[in-house]
Amino acid sequence: MINISIKNIAEQAAETKALILPVFEGGYSDTCLKLDGFIDNRIKRVFDSGEFTGKHNQTSILHVSGIKADRVLMLGLGKKENLTAEKIRQCGGKAAGFLRELGVSDSALSTGAFRTFGQSFDGQQSPTFYFVEGAMLASYRFDRYRKNENSDSKNKTFLKTLTILDSSSDMPMESLKSTVSAVAFSKDLVNTPSNDMTPSILAKTAKTLSGKNLKVKILERKDAEKEGMGAYLAVAKGSAEPPKFIVLEYNGGKGAPIALIGKSITFDSGGISLKPADGMEKMKYDMAGGAAVLGVMKAVAELGLKLNIVAVLPATENLPGGSATRPGDIVSTISGKTVEIANTDAEGRLVLVDAIVYARKYFKPKAVIDIATLTGACSVALGSEAIAMMGNDDELMRRLKKSADETYERVWQMPLYEEYKDYLKSDTADIKNIGGRNGSLVTAAYFIKEFVGDTPWAHLDIAGTAYSDKDRPYVSKGATGIGVRLIIHFLKGLC
Ligand code: BES
Ligand code: MN
Ligand code: ZN
């Protein structure tokens, strides 16, 4: 974690390896002018050369003498009138990544530019906050399995110190630190390969979060049998790894809890309805919903949020085998409703409905939010840019949308028209677990809707966003930790 401090000194007085200087596009500012007086107009010369214009995320490094800093890292913010919280977050990530490449671990941030822009800023926090958030989020790598000492990324360290040059700061640092570490925690769980992230290991990890206000309980296969969770158990049948139904209860306030349900398939082969080999290795991320929920619970407990939460992670593998569920099998859920499993690869909704009905039955939550890598169709519809959101409660979804905009973990609402009900009709059971190819993003959610009753509910499909195939300004390739910041922000809004 980057060590953040605040110092009320001028740019030229900052003793640092790298002075980060955010500048607007074409914006040779007063701060630049003042600094240039000490460093022989080096900043002006860079602008004049045309090499650097201040375009968003553009960088240029100057080695200087005449000030206390060894280097100035010029960082483009883009046009002043287009500045958003997300753009600054990206700049923070960009700066952290750039300095890491140079092997520089100590820096100071000029906040001059942040103090000069207009009123239209879209963030709830100060610009500096988003910069720090971006830098902190970017300081994540997953290299636990790289044993080669010479490996490029292993020898480089991320920023250790960042001194903010400002008179004061009203940043909620504790909350930011807990949130960033929850995101990293969640990413680690997702990036860990399935042989080291079995349902048992996930359950053990959940147990480590136990504390004064947080109880963790694990239901074994036999407990789930007693509860009648036939849909969840049907998914677990093909695997030699025992399923673990993980329940976390956080008690920080009064009243009915919010229920968070995270899909936790530690590997999804598709089962007997086997997936194609191509890309199957990525199905370790089918527990990203559960990982996000665990990250949220960790932060919530650390921050002592004043509300009650129950989290349920129905963890299992989905594998083919001699005792695996067959397409066409009919099972009974905890609610008593029967399901025809027409496709064993539509397993997420099966484990989710038993988890949701369990939470409703024992905890009477005032709202249920499920988060799941549920459908390939989610990526087809939205790519990797937005979470697909559906639900039965406009107020709940409005609040989630607000948090999504603020955290840039964006959601896009899809409809749950009554007509979709017909897609899930079974000839043999109460309902079928697939609704055909067309509309499969929404029919998956509609299946869940059939089990939530009148409890306010929102569903977040993160299949497209939980894993990134490319490096982004503050999120590296691999697990993205999506949902963690969004849900923490949402929960804080309820306190
Ligand atoms: N875990 C997958 C969804 C998924 C696919 C997540 C690709 C991330 C990337 C889910 O269990 C699944 O297999 N869904 C099927 C449902 C289909 C059989 C109705 C799908 O979307 O193809
Ligand atoms: Mn599947
Ligand atoms: Zn799945």
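The values are calculated or read from the model by the stated rules, or taken from the named source; none is laboratory data. These numbers were taken from a predicted model, which means no experiment stands behind them. Please note: Cβ atoms are built from the backbone with ideal geometry, for glycine as well, and neighbour counts cover all protein chains shown. SASA here: full protein model, heavy atoms, side chains in, ligands and nucleic acids out. Shrake-Rupley method; radii C 1.70, N 1.55, O 1.52, S 1.80 Å.
In a DSSP loop and with at most 15 other Cβ atoms within 10 Å, the trypsin sites (Lys or Arg not before Pro) in segment 176-255 are Lys212, Lys254. By the helix-only formula, in which each DSSP H run with n ≥ 4 contributes -39500 (n - 2.57) and the sum is divided by residues, the chain has a 222 nm mean residue ellipticity of -10500 deg cm²/dmol. The alpha-carbon atoms of segment 213-344, seen along their principal axes, cover 46, 35, 21 angstrom, with the largest extent given first. Sparsely packed loop sites in segment 347-447 (the GluC sites (Glu not before Pro) outside DSSP H, G, I, E and B with at most 11 other Cβ atoms within 10 Å) comprise Glu385. Taking Cα atoms, how many degrees apart are the long axis of helix 127-138 and the longest axis of the chain, rounded to 10 and kept between 0 and 90? Helix 127-138 and the main axis of the chain meet at about 60 degrees.
Counted without the sites themselves, the longest stretch of the chain free of chymotrypsin sites (Phe, Trp or Tyr not before Pro) in a DSSP loop having at most 14 other beta carbon atoms within 10 Å is 146-416.
Trypsin sites (Lys or Arg not before Pro) within segment 397-433: which are DSSP loop residues with at most 13 other Cβ atoms inside 10 Å? Let's see the in-between values first.
Values: sites: Arg398, Arg399, Lys401, Lys402, Arg410, Lys421, Lys425, Lys432; in loops: Arg410, Lys425.
Here the trypsin sites (Lys or Arg not before Pro) that fit, given the DSSP loop and packing criteria, are Lys425.
If you average the sequence gap of Cα pairs under 8 Å that are 6 or more apart and divide by the length of the chain, what percent do you get for the contact order? Relative contact order here is 15 percent.
Just for segment 177-492, what percent of DSSP beta bridges are antiparallel, to the closest 5? It would help to have the intermediate numbers written out before the result.
Working: 24 of 47 bridges.
Within segment 177-492, antiparallel bridges account for around 50 percent of the total.
When both segment 26-86 and segment 405-470 are represented by their alpha-carbon centers, they are found 48 Å apart. Excluding ligands, DNA and RNA, the accessible surface per residue across the chain is 41 Å² with a 1.4 Å probe. Rolling a 1.4 angstrom probe over the chain with all protein chains present gives an accessible area of which 48% lies on carbon and sulfur atoms.
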